[in-house]
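Colleague: My questions will all concern the structure given below.
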Amino acid sequence: MKNLIAVGLLFAAVHVSQAAAIKFDFKDPKGVNTVNFTMDAPLEAISGSANGISGEVHFDPAQPSGIKGTLTVDAASMQVPNAMMKQHMHGKDWMDVATHPTLVFEAVSLSDAKTVGEVTTAQLTGKLTMKGVTKTVTVPVKISYLKDKLEARTNGQMKGDLLVIRSNFTVKRSDFGINPKAPVDKVADEVALTLSVAGSAPRS
Amino acid sequence: MRTVIRFVALGIALVGLVFWFFGGPNLGWTKTQVPVLRKDPVTEQEYTEWQKNFVPGLDFVGAALGVAGLVFGLSWIARTPSVRSKKT
């Protein structure tokens, strides 16, 4: 009998902890969610952005370290200022968009979390997949939990919360097989990435 | 004839330079779309909107000067009418 109660309590505890985490949907029809990228080059740095972002993140404001979720970037949404450069970037040597249509980041764990008010800063470890290559990376993140702000963003059409995730980090394109033959004195190996995404959790 | 071709070459070079100068002057690559920074008032996220806009860069100037140089070079091949009349 005691065992049954213990199992029951365990299930209840698991259910409560799952229920406390809010599911945020990062589908963004407005195109506000953006990943900016910059690579150094001799004439001028190659800078662009991608805004085809989707995914789901489970976040408990009372326990930020339990964050879980996946963000996906549509590789075809990557833009640069020059049409020919964009064609090269989407091509086989660089991002090979036709074969690898998405870039994926899967959150695994959060460490060094410090929460002040509605903002949590931490180190997020996750699996980053680009061009079919998956690497574990740890990146600094700033997570803002904006309670009841969805209404303001949807002009009063929906009630709910917003979660904004920001991060700046650098990856090496050669680690992901992104045109490793391109000489680094022409295009730098380091790619600086700036992520700024917002997800919504509607409430009825 | 040579003079006409040389004036054409000069015209190409000048048009290229003037178009570049008044289009920027952009010291980078030619752009066919430009990023415009926006800010979401609720989340305060900065995001990029791309607008179609042709901004000539140094590669454009290089191409214009290259074509001008080629046309100028052709002027050395062309014969002037006076030279032709002297020979006949």
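The values are calculated or read from the model by the stated rules, or taken from the named source; none is laboratory data. Just so you know, these numbers come straight off a predicted model, no measurement behind them. Cβ placement follows ideal geometry from the backbone for every residue including glycine, while neighbour counts extend to all protein chains displayed.
Colleague: Looking at segment B:19-37, which of its residues are among the hydrophobic types (A, V, I, L, M, F, W, C), exposed (fewer than 15 other Cβ atoms within 10 Å of the Cβ) and more than 8 Å from chain A (Cβ to nearest Cβ)?
Modeller: Hits for segment B:19-37 are B:Phe21, B:Phe22, B:Val36, B:Leu37.
Colleague: So, one more: Which ones in segment A:55-76 are modelled with pLDDT of 95 or more and of a type in the set (S, T, N, Q)?
Modeller: Within segment A:55-76, A:Thr70, A:Thr72 meet the criteria.
Colleague: While we're here: Kindly list, by first and then second residue, each pair from a residue in segment B:68-88 that is within 10 Å of B:Met1 (Cα to Cα) to a residue that is at pLDDT 85 or above and not β-branched (Val, Ile, Thr), limited to pairs with Cβ atoms under 6 Å and residues at least 6 apart or on different chains.
Modeller: Close Cβ pairs (under 6 Å, with a partner that is at pLDDT 85 or above and not β-branched (Val, Ile, Thr)) amount to B:Ser75/B:Arg2; B:Ser75/B:Arg6; B:Ala78/B:Arg2; B:Thr80/B:Arg2.
Yes/no per residue for (1) closer than 23 Å to A:Asp74 by Cβ; (2) in contact (Cβ under 8 Å) with a residue 24 or more places away in the chain; (3) within 14 Å of another protein chain (Cβ to nearest Cβ):
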residue: A:Thr115; (1), (2), (3): no, yes, no
residue: A:Leu124; (1), (2), (3): yes, yes, no
residue: A:Leu128; (1), (2), (3): yes, yes, no
residue: A:Arg166; (1), (2), (3): yes, yes, yes
residue: A:Glu190; (1), (2), (3): no, yes, no
residue: A:Thr194; (1), (2), (3): yes, yes, yes
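Colleague: Any idea how many residues of segment B:38-62 are surrounded by 14 or more Cβ atoms within 10 Å (Cβ to Cβ) and not in a strand (DSSP E or B)?
Modeller: 10
Colleague: Ok, one more. Identify all residues within segment A:131-156 that are under 13 Å from the mean Cα position of the chain (by Cα) and either of a type in the set (S, T, N, Q) or over 17 Å from A:Ala201 (Cβ atoms) (or both); write none if there are none. Steps first, please.
Modeller: At the first step, the residues of segment A:131-156 found to be under 13 Å from the mean Cα position of the chain (by Cα) are A:137-143.
Passing the criteria: A:Val137, A:Thr138, A:Val139, A:Pro140, A:Val141, A:Lys142.
Colleague: OK, next. Since B:Glu49 meets every condition but one in (1) without any contact (Cβ under 8 Å) to a residue 12 or more places away in the chain; (2) at the interface with chain A (Cβ under 10 Å from one of its Cβ atoms), which condition does it not meet?
Modeller: If we test B:Glu49 against (1) without any contact (Cβ under 8 Å) to a residue 12 or more places away in the chain; (2) at the interface with chain A (Cβ under 10 Å from one of its Cβ atoms), just (1) comes out false.
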